[in-house]
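*Asks:* Submitted below is the structure of interest, expressed as structure tokens.
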Amino acid sequence: MPELPEVEIVRLSLNKKIKQKKVKKVLIRNKNLRFRVPPNLSNFLKNQKIVKVNRFSKYIILQLSNKGYCLIHLGMSGTIHLILKNKKNFFTNTSFYNSPVLPKKHNHIEIIFKDLKVVYNDPRRFGFFKLIKNSAKLRQFFSYYGPEPFSKTFNISYLKSKLNNKSKNIKNYLLDQKFVSGIGNIYTSEILFHSKINPQKESGKLKKKDYKKIIYYSKKVLNKAIKKGGSSIRDFKNTSGNKGGFQKEFKVYDRVGLNCKRFKCKGIIKKKNITNRSTFFCDNCQK
DNA sequence: AAGAGGCCCTGATAGC
DNA sequence: TGCTATCAGGGCCTCT
């Protein structure tokens, strides 16, 4: 569900609320997530101060005072809710697609501080928690991931080295976190539209100018999405104020059958399943 | 070895 | 109203 921009929005608000605060206790209400919740999660976090809330790719990283890290991945449906303790039922929404009240079901984990608690909710259970002992292990864990689009490493020679002679289509590469990390199914469609590249295009056939566009628009689209507060595509009705605004900027995603938004293009947006993920594009201007 | 497809899970919505 | 089918923003695993 959440891609890099959405995770960044959650990180920002989480950092604002829990930075420098000490964890009093952790409740594991339901340990079944994508991977079983680490059994030592409570002990690992208890009495630790949250030095800072960081992010890499789609991971939220709680940096702890014991030099350890707690990674949170939201999967498809994970949301984080902040509950202030002292005011009865007062609720602050840190993740923009959820409802203004704490859901009744699927609250898996509660991280409790003196004056508030952080609740992790995940109906589909594709998210997970992971504990990491120190910064060396953290680096090691992320070394299997490709660079973020913002990284200097995500450059023309990198793309050339990875894509040259490859038959796999470019859409699948952009979704592949080992190639570039943080881009998901929505932003892949959007980035390729801006780049005027057909998602089914064989990666090995891309030219240098295509690499340039992919690099440029990856940054541009993600940055703009962050600026707009991310994308909210479901739960429109019951969000109150913390909803993202980037869905209004979608050029192709969820626009099947509608007119292409590119100036003077007469195309109609198509939807096609590419390796089981719906993909939106204009076959008139994306070649 | 690269690449395609299945699968994990619940909930919302569409169609009958 | 109530059933069934389809689809959803991720990513790991298996098979060819």
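Each value in this text was obtained by applying a stated rule to the coordinates, not by laboratory testing. Not measured: the values here are computed from a predicted model.
*Asks:* What does the C-alpha gyration tensor say about the overall shape of segment A:131-287? Classify as rounded when a/c is under 1.5, otherwise prolate if a/b is larger than b/c, or oblate.
*Replies:* Judged from the Cα gyration tensor, segment A:131-287 comes out oblate (a/c at least 1.5, b/c at or above a/b).
*Asks:* Can I ask one more? Please figure out what share of the DSSP beta bridges in chain A is antiparallel and state it in percent, rounded to the nearest 5.
*Replies:* The antiparallel fraction comes to roughly 100 percent.
*Asks:* OK, next. For chain A, max minus min Cα coordinate along each principal axis, in Å, sorted largest first?
*Replies:* Result for chain A: principal-axis Cα extents of 57, 43, 29 Å.
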